[in-house]
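Let me begin by presenting the structure, written as structure tokens, before commenting on it.
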Amino acid sequence: MYKAFFSFDEEPFSLTPDPKFMYLSPGHQEALEHMVYGIEERKGFVLITGHIGAGKTTLTRLLIDRLEGRIQTAMIFNTFLNEIELLRAINREFGLPADGAGREALVMTLNDFLIEQLHAGGTAVVILDEAQNLSVPVLEQVRMLSNLETDNRKLIQIILVGQPELAGTLSRPDMAQLNQRITVRCHLSPLDKEDVARYIHHRLTVAGGSGLARFHPRTHGLIHRYSKGVPRRINALCDRALLVAYSQGSHRVLPSFVRQARAELTGPRLPGTRTWPRSRILIPAAAIILAMILAFIVGEAWRP
């Protein structure tokens with residue numbers, strides 16, 4: 001709606017994971033380097049964790065773009081799968097026969113493909129997004145895939161991408177064999193205030209618009225506070241703030257626009273409800289208790 005008003009070529013704060021808009025904060029740059037290192041050095045397993053909206057999926061798409069032509073990738077988004085379904089999904093992504101085959105046939109087909117890739121100088125990579133949804137039996141199947149190897153190198157590289165609870169699952173005693181094989185790990189932390197400002201500027205620049213859209217310097221602190229530094233939340237706030245600016249006929253996004261955007265995103269309070277500060281709740285309670293104590297003391301003093 002506001003693209004023409006700001007002369008954007010594309011929407012700057014879309015929620016779709018477009019790697020072109022990826023802002024590489026120090027944490028995201030480190031995670032990308034970890035993935036590249038794990039693949040190039042054939043470490044077998046890489047673990048990337050981060051909270052919802054941290055930019056994990058966009059980062060994996062950027063990895064694929066960066067290594068295009070150098071790797072064969074099986075990107076698995078649906079992780080609510082059983083063991084056979086996972087094997088079929090991986091083979092299908094690699095363009096291999098998958099339907100109707102049993103576990104042994106699927107693994108043999110995959111192994112032959114991996115050996116061909118190795119002889120051709122290629123690298124096969126499986127990326128399991130939202131891997132926290134994988135059941136323990138499926139994670140065990142993933143571990144078994146890492147046994148596909150030659151005497152001196154792994155035939156398949158597996159990147160597990162998921163929310164922090166994935167690390168908790170892997171730390172379970174029954175997951176020790178898999179956990180010990182993961183030697184490359186990185187956690188994506190939220191952006192700090194300075195990176196939020198750089199993030200917003202980066203996405204505005206990529207979207208075009210000749211600098212028509214300008215965020216007031218004080219908006220960066222507000223956006224950081226409201227979003228807690230999570231990229232997806234930043235996108236939602238900035239997108240709505242631009243819409244508010246458009247409705248006001250302003251090319252400058254003011255702090256009041258960000259506050260309105262937050263209010264619209266969080267929704268109105270239910271009628272008759274009111275949010276009270278903790279101190280406003282505790283003070284009356286303390287007064288009642290004090291009155292009861294004083295009444296007891298006075299009563300004791302007057303007792304014959």
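Conditions tested, residue by residue: (1) of a type in the set (A, V, I, L, M); (2) modelled with pLDDT of 95 or more; (3) surrounded by fewer than 19 Cβ atoms within 10 Å (Cβ to Cβ).
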| residue | (1), (2), (3) |
| --- | --- |
| His220 | no, yes, no |
| Ala241 | yes, yes, no |
| Val244 | yes, yes, no |
| His251 | no, yes, yes |
Open item on the list: Just to be sure I understand, how many residues within segment 182-193 are closer than 17 Å to Arg42 by Cα and in contact with a Lys or Arg (Cβ under 7 Å, 6 or more places away or on another chain)?
Closed with: 2
Open item on the list: Looking at the structure I just gave you, is Glu83 within 23 Å of Asn133 (Cα to Cα) and acidic (Asp, Glu)?
Closed with: yes
Task: Odd one out for Asn78 among (1) buried (at least 17 other Cβ atoms within 10 Å of the Cβ); (2) closer than 26 Å to Ser171 by Cβ - done: (1)
Open item on the list: Just to check your reading of the model, which residue among Arg225, Arg240, Arg233 is assigned to a helix (DSSP H, G or I), basic (Lys, Arg), closer than 14 Å to Tyr2 by Cα and within 24 Å of the chain's Cα centre (by Cα)?
Closed with: Arg240
Open item on the list: Looking at segment 94-116 only, could you name the residues that are surrounded by 11 or more Cβ atoms within 10 Å (Cβ to Cβ), more than 20 Å from Val138 (Cβ to Cβ) and not charged (D, E, K, R)?
Closed with: Pro97, Phe113, Ile115
Task: Residue list for segment 151-166, filter: at pLDDT below 95, out of contact with any Leu (no Cβ under 7 Å at 6 or more places or on another chain) and not charged (D, E, K, R) - done: Asn152
Task: All helices (runs of 4 or more DSSP H) inside segment 11-121 with 2 or more residues being assigned by TED's automatic domain parsing to the domain that holds Asn152 and under 15 Å from the mean Cα position of the chain (by Cα) - done: 26-40, 56-66
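Of everything in segment 204-220, what is β-branched (Val, Ile, Thr), in contact with a helix residue (DSSP H, G or I) (Cβ under 6 Å, 6 or more places away or on another chain) and under 16 Å from Phe21 (Cα atoms)? Give them in sequence order.
Narrowing segment 204-220 to residues β-branched (Val, Ile, Thr): 205-206, 219.
Pick out the ones that are also in contact with a helix residue (DSSP H, G or I) (Cβ under 6 Å, 6 or more places away or on another chain) and you get 206, 219.
Selection gives Val206 alone.
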Task: Given (1) surrounded by fewer than 17 Cβ atoms within 10 Å (Cβ to Cβ); (2) over 23 Å from Pro164 (Cα atoms), number of the condition Ile71 does not satisfy - done: (1)
Task: Matching residues in segment 164-209 - criterion: being under 30 Å from Tyr2 (Cα atoms) and not in a helix (DSSP H, G or I) - done: Pro190, Leu191, Asp192, Gly208, Gly209
Task: Matching residues in segment 141-163 - criterion: being touching a residue at least 40 places away in the same chain (Cβ under 8 Å), in a helix (DSSP H, G or I) and of a type outside the set (A, V, I, L, M, F, W, C) - done: Gln141
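The values are calculated or read from the model by the stated rules, or taken from the named source; none is laboratory data. Predicted, not measured: the structure shown is a model, and the values here were computed from it. Cβ coordinates were reconstructed from backbone atoms using ideal geometry, including for glycine residues, and neighbour counts include every protein chain displayed.
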